[in-house]
């Protein structure tokens with residue numbers, strides 16, 4: 001396959017995964033227990049598409065796919081942006097850019113010439129690590145960007161931010177750790193067979 005065709009194929013898959021992420025974002029709104037937190041906190045089922053994009057296309061393209069999806073979702077109003085009252089730029093980075101980019105890296109430990117079982121273990125480790133970094137980024141935003149001015153950086157701010165962000169971050173991580181091995185086993189062999197480089 002020529003280099004141009006590979007590039008076109010990658011771009012098509014990036015568009016597909018971005019669209020699927022947005023569809024899952026809309027679907028999440030109809031699932032009652034996923035959006036009980038204020039100001040955008042939710043169990044994020046759209047990460048299934050982003051993590052799979054990372055596995056299928058590689059973690060570097062996974063990052064780009066995540067950022068592309070974020071831009072498209074803003075255009076189509078699938079993502080509601082919440083700007084922090086204090087340090088809005090830091091809040092924007094910690095609430096949106098870093099969490100999306102880091103989840104595009106979920107497949108960083110997955111290797112091409114490895115058994116499926118080992119790659120699933122590597123993917124699980126990648127998901128757990130990326131979700132931990134994602135949650136830490138959002139906790140930092142809560143402590144320094146969303147807390148009352150008098151409480152910024154305080155122990156109270158850390159406790160409240162941990163409680164809020166881990167409240168939906170941990171269920172999201174558990175969901176990914178359960179769903180992604182099933183998705184990986186079902187679709188990766190088909191994709192690898194159909195689109196061999």
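All of the numbers you see were taken from the coordinates with simple rules; none came from a lab. All figures in this text were calculated on a predicted structure; none of them were measured in a lab.
Here are a few things to note about the model shown:
- Debye intensity ratio in log₁₀ form over the Cα atoms of the chain, taken at each q of 0.09, 0.12, 0.15 Å⁻¹: -0.35, -0.60, -0.91
- Each part gets one Cα centre, and for segment 113-170 versus segment 68-98 those centres are 17 Å apart.
- Helix axis angle, 47-57 relative to the chain longest principal axis, alpha carbon, degrees: 40 degrees
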